[in-house]
Structures are given as structure tokens and as C-alpha cells.
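Below is one structure; the comments refer to it alone.
Nothing in this text is a laboratory measurement; each read-out follows from the coordinates by a stated rule. Just so it is clear, the model here is predicted, and its values are computed rather than measured. Heads up, the Cβs are rebuilt from the backbone with ideal geometry, glycines too, and the neighbour counts pull from every protein chain shown.
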Amino acid sequence: MTALQINGQTVNIDAPDDMPLLWVLRDELGMTGTKFGCGMALCGACTVHVDGAPIRSCATPISAVKGHAVSTIEGMQADQVGQVVQQAWVDNNVAQCGYCQAGQIMSAVNLLKTAPKPSEQQIDEAMSGNICRCGTYPRIRAAIQQAAGRLAQGGQS
């Protein structure tokens, strides 16, 4: 039995230590917001936070996250930056097919927590590891800029 901290809750998982975190989240816990994209940590669809830093859950074994705080897209509803970013996504109609958006949002939340007033270059660099097959990059950038502005005003719309 492995105890993991996920979205502020301790969960006990009966899984091998080398099982990817993505499969624990999706198959063992039913948290399907985190998506499988490439399985090689290249596309960003499976992005979650571990101790606040973005990681690719498809290539991260659960043994690597024992004793660390894991946050998923489902946990962003309780995170002020996550809430503001998600609202900016809606306001800017970012999602087209939507498949990559959980990973995009997780990367954007990390960016805004580390660089509250990011330049376009910082946005592009932070988001470069997340692929959007629909090409919504201009809307993603606009949503991040909007969220940064809202957060600078105390998180208000």
C-alpha cells in the first residue's frame, strides 16, 4: 500500500512503485481530467504539479512522488490562481477540442505562480512543452495575460 498526497488528501494506493502516476490518477482514483497524450513526456497533456512544479505524470512513477504534494486539474478549483486561470480560459474561449487543456492550465498556473507578470516570451517558453493540436496558442496566451491582470488586481474579474 502506498500513501500519496493528492489535492490535499491522503490516498492509499495498492499499486507497484513503478506504475506511472497518470495511471494511478486515472485508473485507480478515477481522476480523468489529466490526459494521456504521448506516453513519453513530450506533449504535456498529462501535466500535474508535484510540490508546485509541473511534471509529466505519464513518465513519473508513483515511487517518485511519495512524500510530495501532487496537484491535478481537479485540485485547481481550490487554488486561487487555478480558479482565475480556468475562468480566463472560459472567457477567451481557449478550448477547441479541449484534450490538452488540463495540461495547458497546469503549466499556466505554474507560470503565474513563478512569474506573476509574465512577458510574451516567458509565456511562450513556459508553455512550449504543451502541444495543442488545434492550435489555440494565441487564445492561450491571451488567457494567461488576462489571468495575470486579474491576479494583479487581487483575483477579481
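Table for the structure above
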item	result
GLU120-THR10 pseudo-label distance in nm [points 7 Å out on the Cα-to-Cβ vector]	4.9 nm
Cα gyration tensor of the range 79-152 - equivalent ellipsoid semi-axes, whole Å, descending	17, 13, 11
For the chain, cysteines whose Cβ has no other cysteine Cβ within reach (under 4.7 Å)	CYS97, CYS100, CYS132, CYS134
Sequence-separation-based contact order of the range 80-157, relative, with Cα cut under 8 Å and 6+ spacing, percent	46 percent
Percent RCO, i.e. relative contact order, over the chain, from Cα pairs under 8 Å lying at least 6 residues apart	23 percent
Distance between the range 109-149 and the range 25-66 - C-alpha centres, whole angstrom	20 Å
Cut-off under 5 Å, modelled amide H: who pairs with HIS68 long-range	GLN5
Mean ellipticity per residue at 222 nm, deg cm²/dmol - from DSSP H runs of n ≥ 4 across the chain, formula -39500 (n - 2.57)	-10000 deg cm²/dmol
Cα-based shape type of the range 1-86, given that a ≥ b ≥ c are square roots of the gyration tensor eigenvalues and the cut on a/c is 1.5	oblate
³J(HN,Hα), Karplus 6.51/-1.76/1.60, whole Hz, each residue of the range 135-146, x for Gly, Pro	x, 8, 4, x, 6, 4, 4, 4, 5, 5, 4, 5
For the range 59-64, 3J(HN,Hα) per residue [Karplus equation, 6.51 cos²θ - 1.76 cosθ + 1.60, θ = phi - 60°, Hz, x = Gly/Pro]	10, 10, x, 4, 4, 7
Cβ-based net charge around GLY98, under 14 Å, with every Lys or Arg adding one and every Asp or Glu removing one	+3
SER63/THR32 FRET efficiency (R0 25 Å; Cβ-Cβ; nearest 0.05)	0.65
Using θ = phi - 60° and Karplus 6.51 cos²θ - 1.76 cosθ + 1.60, couplings along the range 112-122 (whole Hz; Gly, Pro as x)	5, 7, 9, 9, x, 10, x, 6, 4, 5, 5
